[in-house]
Amino acid sequence: ERIYHFVGDPQRFSLPTVVVIDYAMPDMDGLEFCEAAADLPCKKIMLTARADASFAVAAFNRGLIHRFIRKQEPDALDQLEAAIDALQNTYFLDQSRSQAGQLDAHEFGFLRDPAAAAMVQGLCDRYGFVEYYLFTNPHGFLFFDAEGAPTLVPIMNARSLEWHADIAAEEGAPAELSAALRERRVVPFFHTGDGCWSSDLPGDPLKYCKPTQVTR
């Protein structure tokens with residue numbers, strides 16, 4: 001429930017995930033700033049024009065910064081953009097790892113599956129998704145593009161599809177629905193409280209299903 005409230009809160013964008021610090025600042029240098037902000041979970045990138053970067057290496061080894069970039073490098077801006085993207089992903093992985101450990105290891109096993117992670121990254125690259133959140137009924141992800149348009153991607157394992165097939169059969173669903181679920185040809189999205197097929201749903205039950213994309 002907290003996830004769903006967070007999704008609609010515009011203040012979510014005010015959360016700092018990556019901070020870019022210039023070493024040469026007037027009131028305190030960048031290293032002093034990083035020492036003062038050492039307990040913050042955000043990732044830190046140090047910009048420096050100093051030829052000797054030994055201080056930045058030492059700060060990196062102490063965990064005060066996560067990257068440093070020399071301003072005089074011809075591709076410094078490209079390096080900075082790439083570092084921000086990479087560290088933002090790392091930030092969210094760090095923040096969500098402890099939460100994922102509290103979820104059911106079977107039903108939400110995809111959160112720890114490299115193949116599922118690659119699939120999610122591929123969807124972001126293909127469709128321009130910039131945000132995604134865990135969805136629980138059905139299990140999967142709720143994606144948003146830069147304009148805020150949502151896309152729901154249900155993710156189910158073989159056991160979950162078997163369970164849906166069993167419930168559908170017990171509730172008297174047409175045989176073709178149970179067969180399609182058992183053969184993993186479709187993923188269901190039934191608009192019911194528990195997400196299962198019900199005789200109250202009007203029309204062809206397969207209209208509430210989508211073809212599967214199998215990720216092993």
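The values are calculated or read from the model by the stated rules, or taken from the named source; none is laboratory data. All of these numbers come straight from a predicted model, not from anything done at the bench. Neighbour counts run over all protein chains shown; Cβ positions are idealised from the backbone, glycine included. All accessible areas refer to the heavy atoms of the entire protein, side chains included, with ligands and DNA or RNA removed. Shrake-Rupley method; radii C 1.70, N 1.55, O 1.52, S 1.80 Å.
Scanning the stretch 21-53 for residues that are of a type outside the set (Asp, Glu), surrounded by fewer than 16 Cβ atoms within 10 Å (Cβ to Cβ) and not in a helix (DSSP H, G or I) yields Ala24, Met25, Pro26, Met28, Ala37, Ala38, Leu40, Pro41, Cys42, Ala49, Arg50, Ala51.
Comparison of Phe55, Phe60 shows that the only residue that is in contact (Cβ under 8 Å) with a residue 12 or more places away in the chain and aromatic (Phe, Trp, Tyr) is Phe55. For the stretch 1-25, filtering for residues that are of a type in the set (Gly, Ala, Ser) and touching a Pro at 6+ places or on another chain (Cβ under 9 Å) leaves 0.
Taking first residues from the stretch 190-216 that are more than 14 Å from Ser160 (Cβ to Cβ) and partners that are among the basic types (Lys, Arg) and modelled with pLDDT of 90 or more, the Cβ contacts under 9 Å between residues at least 6 apart in sequence or on separate chains come to Pro211/Arg185. Close Cβ contacts (under 6 Å, 6 or more residues apart or on different chains) running from residues in the stretch 68-96 that are part of a helix (DSSP H, G or I) to residues that are surrounded by 14 or more Cβ atoms within 10 Å (Cβ to Cβ) and charged (D, E, K, R) comprise Ala83/Arg67; Leu87/Lys43; Tyr91/Lys43. Residues being under 24 Å from the mean Cα position of the chain (by Cα), under 30 Å from Ala86 (Cα atoms) and surrounded by 14 or more Cβ atoms within 10 Å (Cβ to Cβ) are represented in the stretch 156-168 by at least one member. Only one of the listed residues (Ala56, Ala116) is modelled with pLDDT under 90 and under 21 Å from Leu31 (Cα atoms). That residue is Ala56.
Scanning the stretch 117-147 for residues that are in contact with a strand residue (DSSP E or B) (Cβ under 9 Å, 6 or more places away or on another chain) and of a type in the set (Gly, Ala, Ser), we see that the one that is least open to solvent (accessible area, probe 1.4 Å) is Gly140.
Taking every residue in the stretch 127-142 that is farther than 26 Å from Ser160 by Cα and pairing it with any residue that is open to solvent by 40 Å² or more (accessible area, probe 1.4 Å), at least 6 positions away or on another chain, the pairs with Cβ-Cβ distances below 6 Å are Val130/Ala146.
Against the definition (loosely packed, with under 14 Cβ neighbours inside 10 Å, out of contact with any Cys (no Cβ under 7 Å at 6 or more places or on another chain) and within 21 Å of Asp94 (Cα to Cα)), how does Arg62 come out, yes or no? Considered against the rule, which asks whether it is loosely packed, with under 14 Cβ neighbours inside 10 Å, out of contact with any Cys (no Cβ under 7 Å at 6 or more places or on another chain) and within 21 Å of Asp94 (Cα to Cα), Arg62 comes out as yes.
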